[in-house]
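Below: one structure, written as structure tokens.
The values are calculated or read from the model by the stated rules, or taken from the named source; none is laboratory data. Everything numeric in this text was worked out from a predicted model, so none of it was measured. Here Cβ is always computed from backbone atoms with ideal geometry, including for glycine, and neighbour counts include all displayed protein chains. The accessibility values were calculated without ligands, DNA or RNA, using every heavy atom of the protein model including side chains. Shrake-Rupley method; radii C 1.70, N 1.55, O 1.52, S 1.80 Å.
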Amino acid sequence: MPRNAQWRLVARPEGLFKPEDFRWVEEDTPPLAEGEVLVRTEYLSLDPTNRGWAAGGTYLPAVPLDSVMRGLGVGRVVDSRAEGLAAGDAVSGLLGWQRYAVARSTSLARMPDVGLPLEAHLGLLGHIGLTAWVGLLEVGRPKAGETLVVSAAAGAVGSLVGQIGKIQGMRVVGIAGSDDKCRWLTEELGFDAAVNYKKRPVLAGLRRECPKGIDVYFDNVGGATLDAVLSLINLRARVVICGLISQYNATTPVPGPQNLGNLLVQRARMEGFIVLDHLDQAEKASADLIRWHLAGRLQYRLDVVHGLEKAPAAVNRLFDGSNSGKLVVGVSEE
Ligand SMILES: NC(=O)c1ccc[n+]([C@@H]2O[C@H](COP(=O)([O-])OP(=O)(O)OC[C@H]3O[C@@H](n4cnc5c(N)ncnc54)[C@H](OP(=O)(O)O)[C@@H]3O)[C@@H](O)[C@H]2O)c1
């Protein structure tokens, strides 16, 4: 069995992750039991939710201290004692922050060859694609001609949401944290407009770019941005709560939105969702996402950090906005 290397979580983070929250461990991988496979991680997904998994108090139990940090990944089976999976098969699942995972075959999804690189299962398909697809189409219920606003628009989920909004015939306005990101949205992804919230007040930017108000808001950030949007929503607007990244590292209670009353006045709906509840729609979502991608209507961008040893520092890039597109760690890239 090959030698493994892994990051174990050894402390609950307060504020941003710190190097001392993790410990690097190298050890031999254990022999396989019946029904298990050995997977070599190719790419590890870094997600804002990693912060909640490490700290606890979220939709999955906290990662136990001194165990391998939980993380989604894609990889290849290198050895198998399980029916249905053989060496060379591509799989995805909670492989953890480690080079090799020993896993029950039933905990992994075998990835069909869809003619796309393995890492597309993190950037376009998988949990990111399904989040964008289900969040916009099922929770947001978009209609052609409506105005969609999406925050963290140059991120993994947000960049797909805006493009799917265009495919639905909407006016799409993105909110992002740099001029480069805003240019990418409007010049390459087809967004109608983009607002750099770090350069000027987001409310003024949205007033300018949403002259007919906002019908669907796909929220990835919460906080002051959500408040600004709430003041501009239209009658029967839908506010999709996908994430609240501006609050994930807060060490003191965060203020609630002041403009909540506008939900009442506008008879609007605000609804949260967790992608894990919608796995039964993954096949349908993937078929749409692949079709749109192959037709040149849906692009994705990967932001690859090379080397598992860099994972603890790299995950904080999600919180300072230095990632663009889907942040992944190349662990043992093909
Ligand atoms: N509900 C679900 O099932 C589900 C599933 C997946 C993801 N999510 C959520 O979706 C959101 C996006 O996730 P992702 O994986 O696609 O990450 P991402 O958007 O690729 O990366 C996070 C982005 O958030 C922005 N950001 C960070 N701190 C911020 C702050 N204080 N205020 C405003 N913006 C901030 C940064 O972009 P800027 O440069 O633009 O600031 C950063 O690039 C997260 O909130 C995540 O928790 C939810």
Inside region 134-159, the number of residues satisfying the requirement of being crowded, with 24+ Cβ neighbours inside 10 Å and within 11 Å of the ligand (Cβ to nearest atom) is 11
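Condition (residue is among the β-branched types (Val, Ile, Thr) and either assigned to a loop (DSSP other than H, G, I, E, B) or open to solvent by 30 Å² or more (accessible area, probe 1.4 Å) (or both)) applied to region 16-25: is it met by at least one residue?
There is no residue in region 16-25 that is among the β-branched types (Val, Ile, Thr) and either assigned to a loop (DSSP other than H, G, I, E, B) or open to solvent by 30 Å² or more (accessible area, probe 1.4 Å) (or both).
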Criterion (in contact with a His (Cβ under 9 Å, 6 or more places away or on another chain), more than 12 Å from the ligand (Cβ to nearest atom) and on the phi < 0 side of the Ramachandran plot) met by exactly one of 237, 285, 295
285
Candidate set: region 248-283, residues that are under 19 Å from residue 221 (Cα atoms) and charged (D, E, K, R); chosen: the one surrounded by the most Cβ atoms within 10 Å (Cβ to Cβ):
269
Result of the Cβ filter at 6 Å on region 275-291, keeping first residues that are closer than 16 Å to residue 157 by Cβ and partners that are more than 13 Å from the ligand (Cβ to nearest atom) and part of a helix (DSSP H, G or I), at least 6 apart or interchain, is none
Residue list for region 169-204, restricted to those being surrounded by fewer than 20 Cβ atoms within 10 Å (Cβ to Cβ), of a type outside the set (Ser, Thr, Tyr) and outside any loop (DSSP other than H, G, I, E, B):
179, 180, 183, 187, 188, 193, 196, 203, 204
Looking at 103, 87, which is the one that is free of Cβ contacts under 8 Å to residues at least 24 places away in the same chain and either open to solvent by 10 Å² or more (accessible area, probe 1.4 Å) or closer than 18 Å to residue 155 by Cα (or both)?
87
